[in-house]
Amino acid sequence: MDQFPLMLIAVIIILIWLFNSLNVLREYERGVIFRIGRLLAEPKGPGLIWVFWPIDRIVRVSLRTITMDVPTQDVITKDNVSVKVNAVVYFRVVDPLRAIVEVENYLYATSQLAQTTLRSVLGEVGLDDLLSQREKLNQRLQEILDQHTGPWGIKVALVEIKGVDLPENMQRAMARQAEAEREKRAKIIHAQGEFEASQMLSDAARTISGQPVALQLRYLQTLTEIGAEKNTTILFPLPIDIVEYFSLTLLVFTGIVVLCSIFFILGMLVGRAQSQQIAFAASAGSRAEPKAPPKENSTPELTFYDSVKRPELPTLEPPPPPEIKPVIPDPPKGSANPAAKVFNYQIAAYKRSADAEKLLNQMKKKGFRAFILAPGPDDAKAFFRLLVGPFADVIEAEQAKKELETAGYQPILKK
């Protein structure tokens, strides 16, 4: 009787130890056992398992799929657009021993790995790909997470991008882009309709052109439609053939005018060439004929300078000019016949000797052999003629003429 309390205490202690050593694991749970700090080879469960307390320590691990929300991440896409993206990850533990031994907290580790992978993967794509190719991005995220969580005894089953929040300015830009795309499709459809309508109209035009009566019937039908609406305006259809006739007539008239203009220009050019040839032949003939003596009542020769009449100034008459002898340069050396005829060019004729001397000085400065021919006693009018020469032959005279014309003078051939 004295040992009964001790035995009762021992039984109670044994019962308590037994209750602490017995554990019940659910179907989706496994128990990882550490015996004196060492991991047992196989996890226990499900059902009733025996754990030798306090030698063994059990860690319960759930094998169900875990749904984890990835917090919203600020992501800068490849085309430098800042967006906010969140996602959800579905994973479960397939190896309880490695999930407990290889990582301290597999839930926290998986969450952090999902956040960093989400930012890195989405930062490599553009905004358009982010919005249009979510399936490929989800598959890529799942493969990367599964590859990194495999050593932890975790299987990532699915990764889904939940939402992409765009800035307001980007939303407005995308709205304008979508509106422009809709307008583009509308214009394409309208253009296709116009093209088909033009094809139908061209077919109808070919049919009507083969049967002119059909065009008249169409005119009458149009007049009937106009008269049905009680309009006061009357339209008379004008056949298109009349317009074509007038356009053809205008084209022919234009061609005739152009041809006449060409022939007129050609005639002017030919006439000018012939007149120059005739003038040259006449000048050559005048050089060949002997000079007739001047008649007493002959009309004095007029030049361009005589045709321009100067206004008579109310001044006193100048004294009679002194008699100026013609300064004729010596004939060129080497001429065989000193009595041969020479040629001169008359540049101007003045009534005043001062004007003639002024022009003479100018021409001598330019290098011309100029001299003044004073009027003779038989001349009806006293003109001081400015001449250039003399020239021994026609070739030298023609060359001098070109030089004078180039200098701006109008030479007249004189013997």
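The values are calculated or read from the model by the stated rules, or taken from the named source; none is laboratory data. Small disclaimer: the values here were computed from a predicted structure and weren't measured. When we count neighbours, we look across all protein chains shown, and the Cβ atoms used for this are built from the backbone with ideal geometry, even at glycine.
Summary table below
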item: Output for region 49-71, where each listed residue is β-branched (Val, Ile, Thr) and surrounded by 15 or more Cβ atoms within 10 Å (Cβ to Cβ); result: 49, 51, 58, 59, 61, 66, 70
item: Failed item in (1) of a type outside the set (Lys, Arg); (2) within 14 Å of residue 110 (Cβ to Cβ); (3) over 55 Å from the mean Cα position of the chain (by Cα), with residue 71 passing the rest; result: (3)
item: Residue list for region 73-110, filter: surrounded by fewer than 16 Cβ atoms within 10 Å (Cβ to Cβ) and of a type in the set (Ser, Thr, Tyr); result: 82, 90, 108
item: Any chance residue 140 is without any contact (Cβ under 8 Å) to a residue 12 or more places away in the chain and out of contact with any strand residue (DSSP E or B) (no Cβ under 7 Å at 6 or more places or on another chain); result: no
item: Any hit, region 82-95, residues being in contact (Cβ under 8 Å) with a residue 60 or more places away in the chain and in a loop (DSSP other than H, G, I, E, B); result: yes
item: Meets criteria (touching a helix residue (DSSP H, G or I) at 6+ places or on another chain (Cβ under 9 Å), over 30 Å from residue 170 (Cβ atoms), of a type outside the set (Gly, Ala, Ser) and surrounded by 11 or more Cβ atoms within 10 Å (Cβ to Cβ)) for residue 22; result: no
item: Of all residues making up region 230-289, the number that are of a type in the set (Lys, Arg) and either at pLDDT below 60 or over 30 Å from residue 395 (Cα atoms) (or both); result: 2
item: Residues of region 128-177 classified as farther than 25 Å from residue 103 by Cα and among the charged types (D, E, K, R), total; result: 10
item: Failed criterion for residue 125 (all others in (1) assigned to a helix (DSSP H, G or I); (2) within 53 Å of the chain's Cα centre (by Cα); (3) among the aliphatic types (A, V, I, L, M) hold); result: (1)
item: In region 162-199, residue nearest to residue 89 (Cα to Cα) [restricted to those that are in contact (Cβ under 8 Å) with a residue 40 or more places away in the chain and not β-branched (Val, Ile, Thr)]; result: 162
item: Of residues in region 33-48 being closer than 24 Å to residue 13 by Cβ and in contact with a strand residue (DSSP E or B) (Cβ under 6 Å, 6 or more places away or on another chain), the one surrounded by the most Cβ atoms within 10 Å (Cβ to Cβ); result: 33
item: Residue under evaluation residue 163, criteria (1) in contact with a strand residue (DSSP E or B) (Cβ under 8 Å, 6 or more places away or on another chain); (2) surrounded by 12 or more Cβ atoms within 10 Å (Cβ to Cβ), criterion not met; result: (2)
